[in-house]
Amino acid sequence: MERSAVAAVRRLRAPGSGERNGDRRPPPARREDNEADLQGKKRGGPRRRLLGEARGAPLVLLYLLVLRVLVQVSHRQLLSPPAGRGEREFSAQRARGYLDNITAIGPRTVGSPENEVLTVNYLLQQIKAIEAESTDAHKIFVDIQRPTGSFSIDFLGGFTSYYANITNVVVKLEPQGGAEHAVLSNCHFDSVPNTPGASDDAVSCSVMLEILYTLSKSTEPLQHAVIFLFNGAEENILQASHGFITQHEWAKSIRAFINLEAAGVGGKELVFQTGPENPWLVQAYVFAAKHPFASVVAQEIFQSGIIPADTDFRIYRDFGNVPGIDLAFIENGYIYHTKYDTSDRILTDSIQRAGDNILAVLKYLATSDMLAKSFEYRHGNVIFFDVLGLFVLAYPARVGTILNYVIAAIAFLYLGKKILQPKTRAINNLKKFFTAFGLILLSWISTLVTVLIVAVFISLIGRSLSWYTHFYVSVFLYGAAAAVKLILVHSLAKKFYYKNMNDQYLGDVFFDASLMIWSVLLAMITHIGLCSAFICTLWVAFPLLTKLMVHKEFRQKGATMKFVAMYMLGMFVPYLYMLYLNWTVFEMFTPIMGRSGSEIPPDVVLAGFIVASTVILSSYFINFIYLVKSTKTTLITLTAVFVVTLILVCSGIFFPYSSDAANPKPKRVFLQHTNRRFHDLDGNLVKSDSGIWINGFDYNGISHITPHVPEINDTIRTPCEEWAPFCGLPWILPVHFMFRKNWYLPASEIFPASPIHFKLLTKEPTPWNSVRLSFEVSGPSHMSLYIRPHEGSALSTWSLGDGTPVASVGGDYFVFYSHGLQATPWHFWIELTGSEKHSDGMVSLAIAAHYFFGEDQKSPQLYALLERFPNWTFSSAF
């Protein structure tokens, strides 16, 4: 009451009251009065209307919930097949028939009869039927390629791959008069062991069969050829695509490609890589795709190496110098590469979306003049992103750079003018502005540290991944903690540091400080050259426009409901897009945490993502903390949510894994019944053992399995054999740095029907003072070779790849070998430089044979052990 009276007296005594015809309203304030008002202490400046907490917090929450609903609707939209479909349109039902038949064959591991014979025969049968129904406007050619080759790749720390007699089914559809240029569509029909591989990648091959059928039935000839590559060895780390692009005669005509992949099961297919350069390809997708879903952010995340995966896109780019588009299904990655990846989990509407998009883009490319002159349009990158799946915005990166710098410059000019005028207050303004700037950064850093401490604590007490099945737990735990810390820091600053400051002025200055932070980030990220800087553009341009839009309302009346409504409306675009992007990122990354290895604490990673999201989404709501009367109720509510969730997580009530038939989220475990033999320099056996080698694919290791299988416990943790390559363990891929926790359960010796044979054929000096060792290896379809030069020796060259050895993480050399149904013994040689006089020789070599299918895949003891595993595990055993 007293404060209101003082304000009223001040209004009556204001100079130049401006009363007119009895009008007693206060006059418009002069600039000096406004400045004094905004800078004013509580005793001197009139108190503006504050937004009550009872309204402010629920409004912000409701606003974010509405945006989230819009995002969820956009992500779930799957357009149903249109009615009245003609023969020339893509038929999802027919594609589903192909999918069901391919997955019915079972797991299709390279070298198995299922992959090399049954699936190949089925594809040839369908292609022959399609050819029989094709129109006279086209010619169809079919080729079975079985290449042998070798290459090195820097994926997974770097290794070399060798393949022999693997299988590609290649189909070329071209006009009757032939075609000089072609566009490639690529899928792979092989799968990882123990999974039917419906999404990865049988559904893509089914879509391609139906596209081939649709195009072949058309009476309109294409301008260019379309090559369909059904490759049979992608899961062997991209071998079949390398065999095709480096050895097949049709590869020379390819000017662009579309690669169809999966990182999840169904949903919307995301364009997550394009190029390199060749912006015309993105424009083709933008123009032709009926249901676009694309993001340059996903491209830059994927190409950064954060996600431990790769696709055939790399092979065509690096070895074929061909530009392309990489698409992948990303929904429900929890069952990717598991036994649950079955055809019934892929919606027919999802197949329809993919088919409509890919058919349209292929037709556009196959009739485009740009395809023939693609090298003329090669240069330049492009910024692209879809808007809620409705359409795609795409523009040249150079235009984006100019736009970014212009917007950043406008923001800097606006802030500079505001802070530095009037000149008499410039120093004081700068001080208060940079205090707010520093306080925001301090709140962000302290929030990150606090939430990461919670995540580390959760990891140390053995409760990691409690949110894996229940994602909301992570929001209630880490999201609530982040929000509490942010609000608390600014509430304390408001109460103690800014206790004599005008609330309206504080809200204004903290908005400007957030705008400055985003403007600096925009300039920095643009300078680095990242296309994702467009996100910062949204977070500078729209807030700046919003500030100009609500400035008058805010100055005159303070934080009224009208002001809040105008403010939230102005912020609608950046907040909606950021929530949309967050949804995509979390949908991709959360399942990956269940297969990211034993060394990366997933709670720390996810907590970091949530803090980043909270910080971004709170950027322009921090000023509301200074505009509301109190944050006490909000802090108490959020703290209660955090504490209750923390207690429940610590109690173990949220079990990480699920065997729910409709929506399983299994724990992944690898088991290998292993024989190991170690020999000395003279070939004498110095050590041998047999056991079941066990890897848990996530940070929890085997702690949740021990209660069900007591003999699998930490007493059988096996140490690294430091003197042997790759710790003396038979890694199928060089992922030892991701799985340093290993368990080795003693077991009886196994006797495979197709044992491995490893022979040193020759050892001879070379004229260039090195020693060449030649070897012969025969064994199953999958083998791994490990090489460690001893101290004083070096591996200078070999017969693999391009002749230059590529070391893996740790300095050892890894070679992945596979072959198709039949292959001659593998011959290779290595050359070493250094002295041969060391007592332990120049080099240690090891070879491992992996039995992924057939009678040697599982031993009786392995079968018996698997029977005891709980049903919420997916155990891949061989």
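The values are calculated or read from the model by the stated rules, or taken from the named source; none is laboratory data. This one's a predicted model, so the numbers in the text were calculated from it and none came from an experiment. Because the Cβ atoms are built from the backbone with ideal geometry, glycine has one as well, and the counts that use them run over all protein chains shown. Keep in mind that these areas ignore ligands, DNA and RNA; they rest on the heavy atoms of the full protein, side chains included. Shrake-Rupley method; radii C 1.70, N 1.55, O 1.52, S 1.80 Å.
If you go through region 601-613 one residue at a time, do you hit one that is under 30 Å from L865 (Cβ atoms), touching a strand residue (DSSP E or B) at 6+ places or on another chain (Cβ under 7 Å) and open to solvent by less than 20 Å² (accessible area, probe 1.4 Å)? Don't jump to the end; show me each part of the working.
Let us first name the residues in region 601-613 that are under 30 Å from L865 (Cβ atoms), namely 601-603.
After this cut, where a residue has to be touching a strand residue (DSSP E or B) at 6+ places or on another chain (Cβ under 7 Å) as well, the list is none.
No.
Matching residues to (1) hydrophobic (A, V, I, L, M, F, W, C); (2) in contact with a Lys or Arg (Cβ under 7 Å, 6 or more places away or on another chain); (3) surrounded by fewer than 23 Cβ atoms within 10 Å (Cβ to Cβ); (4) over 22 Å from M578 (Cβ atoms):
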site: V265; (1), (2), (3), (4): yes, yes, no, yes
site: V271; (1), (2), (3), (4): yes, no, no, no
site: P276; (1), (2), (3), (4): no, yes, yes, yes
site: L281; (1), (2), (3), (4): yes, no, no, yes
site: A289; (1), (2), (3), (4): yes, no, no, yes
site: V297; (1), (2), (3), (4): yes, no, yes, no
site: I301; (1), (2), (3), (4): yes, no, yes, no
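Could you tell me whether S796 is in a strand (DSSP E or B) and closer than 28 Å to P113 by Cβ? Explain how you work it out, then say what you get.
Numbers: in a strand (DSSP E or B): yes; closer than 28 Å to P113 by Cβ: no.
No.
So, in region 210-223, of the ones that are open to solvent by 10 Å² or more (accessible area, probe 1.4 Å) and not hydrophobic (A, V, I, L, M, F, W, C), which residue ends up nearest to T119 (Cα to Cα)?
Top of the filtered list is Y213.
With part of a helix (DSSP H, G or I), in contact (Cβ under 8 Å) with a residue 60 or more places away in the chain and touching an Asp or Glu at 6+ places or on another chain (Cβ under 9 Å) as the only criterion, which of T633, T639 stands out?
On the way: T639 fails: touching an Asp or Glu at 6+ places or on another chain (Cβ under 9 Å).
Among T633, T639, only T633 is part of a helix (DSSP H, G or I), in contact (Cβ under 8 Å) with a residue 60 or more places away in the chain and touching an Asp or Glu at 6+ places or on another chain (Cβ under 9 Å).
For residues that are in contact with an Asp or Glu (Cβ under 8 Å, 6 or more places away or on another chain) and among the aromatic types (F, W, Y), scanning just region 775-820, find the one that is farthest from I756 (Cα to Cα). Working first, answer last.
Filtering region 775-820 down to residues in contact with an Asp or Glu (Cβ under 8 Å, 6 or more places away or on another chain) leaves 780, 786-788, 790, 795-798, 806, 820.
After this cut, where a residue has to be among the aromatic types (F, W, Y) as well, the list is 786, 798.
Working: Y786: 15, W798: 22 Å.
Looking at residues that are in contact with an Asp or Glu (Cβ under 8 Å, 6 or more places away or on another chain) and among the aromatic types (F, W, Y), I get W798.
Can you tell which of V226, V207 is within 28 Å of the chain's Cα centre (by Cα) and modelled with pLDDT of 95 or more?
Numbers: V226 fails: within 28 Å of the chain's Cα centre (by Cα).
Answer to the check: V207.
Those residues that are over 30 Å from V709 (Cβ atoms), open to solvent by less than 40 Å² (accessible area, probe 1.4 Å) and assigned to a loop (DSSP other than H, G, I, E, B), I need them from region 831-867; list them, please.
The answer is G841, M842.
Being touching a Pro at 6+ places or on another chain (Cβ under 8 Å), not charged (D, E, K, R) and not in a helix (DSSP H, G or I) is the filter here, so list the residues in region 261-300 that pass it.
Here is the first cut: in region 261-300, the ones touching a Pro at 6+ places or on another chain (Cβ under 8 Å) are 264, 271, 274-279, 281, 285-286.
Of the ones still in play, those that are also not charged (D, E, K, R) are 264, 271, 274-276, 278-279, 281, 285-286.
Residues satisfying the conditions are G264, V271, T274, G275, P276, N278.
Would you pick out the residues in region 607-630 that are in a helix (DSSP H, G or I), in contact (Cβ under 8 Å) with a residue 60 or more places away in the chain and of a type in the set (F, W, Y)?
Once the filter is applied, which keeps residues that are in a helix (DSSP H, G or I), in contact (Cβ under 8 Å) with a residue 60 or more places away in the chain and of a type in the set (F, W, Y), region 607-630 yields F624, Y626.
Tell me whether region 683-701 contains one or more residues that are surrounded by fewer than 17 Cβ atoms within 10 Å (Cβ to Cβ), on the phi > 0 side of the Ramachandran plot and not hydroxyl-bearing (S, T, Y). If you could, list the steps in order and put the result at the bottom.
Looking only at region 683-701, we keep the residues that are surrounded by fewer than 17 Cβ atoms within 10 Å (Cβ to Cβ), and these are 683-689.
Restricting the remaining residues to those that are on the phi > 0 side of the Ramachandran plot gives 683.
So of that shortlist, the ones also not hydroxyl-bearing (S, T, Y) come out as 683.
Yes, there is a match, as at least one residue in region 683-701 is surrounded by fewer than 17 Cβ atoms within 10 Å (Cβ to Cβ), on the phi > 0 side of the Ramachandran plot and not hydroxyl-bearing (S, T, Y).
Residues that are small (G, A, S) and open to solvent by less than 20 Å² (accessible area, probe 1.4 Å): which helices (runs of 4 or more DSSP H) entirely in region 444-550 hold 2 or more of them?
Helices (runs of 4 or more DSSP H) meeting the threshold: 480-492, 503-528.
Could you please let me know if S818 is farther than 13 Å from Y162 by Cβ and touching a residue at least 24 places away in the same chain (Cβ under 8 Å)?
Answer is no for this residue.
When I705 is evaluated against the numbered criteria (1) open to solvent by 50 Å² or more (accessible area, probe 1.4 Å); (2) farther than 27 Å from S781 by Cα, which criterion, by number, is the only one it fails?
Failing condition for I705: (1).
Return the residue satisfying two criteria in turn: it lies in region 368-398 and is surrounded by fewer than 14 Cβ atoms within 10 Å (Cβ to Cβ) and among the aromatic types (F, W, Y), and of such residues it is farthest from Q283 (Cα to Cα).
Out of the qualifying residues, it is F375.
Give the residue that is least open to solvent (accessible area, probe 1.4 Å), with candidates limited to residues of region 399-428 that are part of a helix (DSSP H, G or I), closer than 27 Å to N500 by Cβ and touching a residue at least 12 places away in the same chain (Cβ under 8 Å).
L415
Could you count how many residues in region 811-830 are surrounded by fewer than 15 Cβ atoms within 10 Å (Cβ to Cβ) and over 18 Å from S781 (Cα atoms)?
Within region 811-830, residues that are surrounded by fewer than 15 Cβ atoms within 10 Å (Cβ to Cβ) and over 18 Å from S781 (Cα atoms) number 1.
What are the pairs, 6+ residues apart or on separate chains, where a residue within region 442-456 that is farther than 20 Å from P602 by Cα has its Cβ under 8 Å from a residue that is open to solvent by 50 Å² or more (accessible area, probe 1.4 Å)?
That search, which allows pairs on different chains as well, returns S443/K485; S446/K485.
Wholly within region 132-191, which strands (runs of 3 or more DSSP E) include no fewer than the required count, namely at least 1 residues that are hydrophobic (A, V, I, L, M, F, W, C) and open to solvent by 20 Å² or more (accessible area, probe 1.4 Å)?
Values: elements: 138-145, 149-153, 159-164, 168-175, 182-188.
So the answer is 138-145.
What do you reckon, is S464 within 26 Å of L270 (Cα to Cα) and of a type outside the set (A, V, I, L, M)?
On the way: within 26 Å of L270 (Cα to Cα): no; of a type outside the set (A, V, I, L, M): yes.
Against the criterion (within 26 Å of L270 (Cα to Cα) and of a type outside the set (A, V, I, L, M)), S464 does not qualify.
Exactly one of (1) out of contact with any His (no Cβ under 8 Å at 6 or more places or on another chain); (2) open to solvent by 10 Å² or more (accessible area, probe 1.4 Å); (3) outside any loop (DSSP other than H, G, I, E, B) is unmet by L439. Its number?
Only one criterion is unmet by L439, namely (1).
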